[in-house]
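The values are calculated or read from the model by the stated rules, or taken from the named source; none is laboratory data. Since we're looking at a predicted model, the values are computed, not measured. Positions of Cβ are generated from backbone atoms using ideal geometry, with glycine treated the same way; all protein chains shown enter the neighbour counts.
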Amino acid sequence: ADAAEWAASAAPTSAVGSPATHRTTGTPATSRTPGETRSLSRESLAAADSRDEEQFSRHEDGRAGVEVIDAGGRAMIPGFVDSHTHIVFGGDRADEFEARMSGTPYAAGGIRRTVAATRAATDDDLRTRVGRFVRELHAQGTTTFEIKTGYGLSVHDEARMARIAAEVTDEVTFLGAHVVPAEYADDRDAYVDLVCGEMLDACAPSSRWIDVFCENGAFTADESRRILAAGAARGLRPRVHGNQLGHGDGVAIAVAADAASVDHCTYLSDADVDALAGSDTVATLLPGVEFSTRQPYPDARRLIDAGVTVALASDCNPGSCFTSSVPFMIALAVREMGMTPSEAVWSATAGGARALRRNDVGVIAPGARADLVLLDAPTRVHLAYRPGVPLIDAVWKDGCRL
Ligand code: NIG
Ligand code: FE
């Protein structure tokens, strides 16, 4: 992973096209007088707020359609690429989280509760909720995101999840193989047949990827291989949830299938690390899960030192990790997983793009999409150095201010 690829992107001045789509209100930061907000009257706080609305100045530079933004010394980075989310679902599982914080261990069985709530939600409910998550992602600097199905687990409900996800992203993943739903508990073979047949047929038109949760308590190695092969036969590219709750075959299966990514990678043997290092499969680490389940963090340092490409993603879902904050993942990766700040930011941008086999996002480069995040900080290091602080000052997607 080459953090230098976009290091030049921290330059303070950047040109962004399509000025007509940009907001033009606000006062440039240069008009501020040092010390003028010291008196904490209500009026002076309100005035300071309005000055802080726009912390950079802009002007046309004479070329048609080009606006120059003086970032005033702030760092600009590529928009985050969150290559793993589950943001179409009904209900939440705050009670489960609360019990976990009192010692009840995480078990993927809670997925069935979200399946029940998702089936009960109308399309409009799901649309409204996903719209809120999309705004949440954008506000935190994420400009490209993947969404998985996996809380429908019937032909009808998986297909509507896939359709609703496809309304907000091109990166939809069919995850009918999340767990075996309760009604198939006594006949898992019939469920795998359904996933590989009718359910896949219904979801493939809205999906780019197929995923399987290859783990004890979810799907076996043989089932996982069969499901990925069925998806590939319908033109869906493979990705895998694996090695989350214990050692297992997820990584080996992902590498053998040339999966774009194997996600979680918390429990890895030396053979798993070697296999990843010799492959084009990205190891996507999801440290919010370990934070929210009190499990051990994956060892990012071991992977990077072995030459594995590492991505960071949120895994935003109601069970194992209910946050959509990529800056939070960066802070965790640096503090808990041995990554440097530059590595962590690379993994959350270019690394995420590689996990989606994309080269048009996650970088600031000629020909790439103008997905840009201006930080309210002088360097990207501050994303880890100032955890929990809202440092996302402005976001552009495809050259348009969000
Ligand atoms: O990526 N591991 C499987 N699926 C999700 C968790 C889903 C849930 O608990 O609802 C994950 O962690
Ligand atoms: Fe997940």
Restricting to the range 239-261, and then to whatever is of a type in the set (A, V, I, L, M, F, W, C) and within 12 Å of ligand 1 (Cβ to nearest atom), can you tell me which residue is nearest to G351 (Cα to Cα)? V240
Which of the following residues is in contact with a Gly (Cβ under 6 Å, 6 or more places away or on another chain), more than 16 Å from ligand 2 (Cβ to nearest atom) and on the phi < 0 side of the Ramachandran plot: V168, V195? V195
Tell me whether the range 353-365 contains one or more residues that are under 17 Å from A139 (Cβ atoms), in contact with an Asp or Glu (Cβ under 9 Å, 6 or more places away or on another chain) and not assigned by TED's automatic domain parsing to the domain that holds S324. no
Residue that is farthest from ligand 2 (Cβ to nearest atom) [pool: residues in the range 317-328 that are closer than 14 Å to H241 by Cβ and not in a loop (DSSP other than H, G, I, E, B)]: C321
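Out of L200, L276, L236, report the one residue that is buried (at least 20 other Cβ atoms within 10 Å of the Cβ), more than 16 Å from ligand 1 (Cβ to nearest atom), over 20 Å from the mean Cα position of the chain (by Cα) and under 24 Å from T349 (Cα atoms).
After ruling out the rest, the residue left standing is L276.
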Considering only residues of the range 234-253 that are more than 14 Å from ligand 2 (Cβ to nearest atom) and touching a strand residue (DSSP E or B) at 6+ places or on another chain (Cβ under 7 Å), which is farthest from L286 (Cα to Cα)? L236
Please give the helices (runs of 4 or more DSSP H) falling wholly within the range 46-163 in which 2 or more residues are in contact with a strand residue (DSSP E or B) (Cβ under 8 Å, 6 or more places away or on another chain) and either within 15 Å of ligand 2 (Cβ to nearest atom) or assigned by TED's automatic domain parsing to the domain that holds H241 (or both). 123-139
Does any residue of the range 357-365 turn out to be within 16 Å of ligand 2 (Cβ to nearest atom) and either modelled with pLDDT of 95 or more or surrounded by fewer than 24 Cβ atoms within 10 Å (Cβ to Cβ) (or both)? no
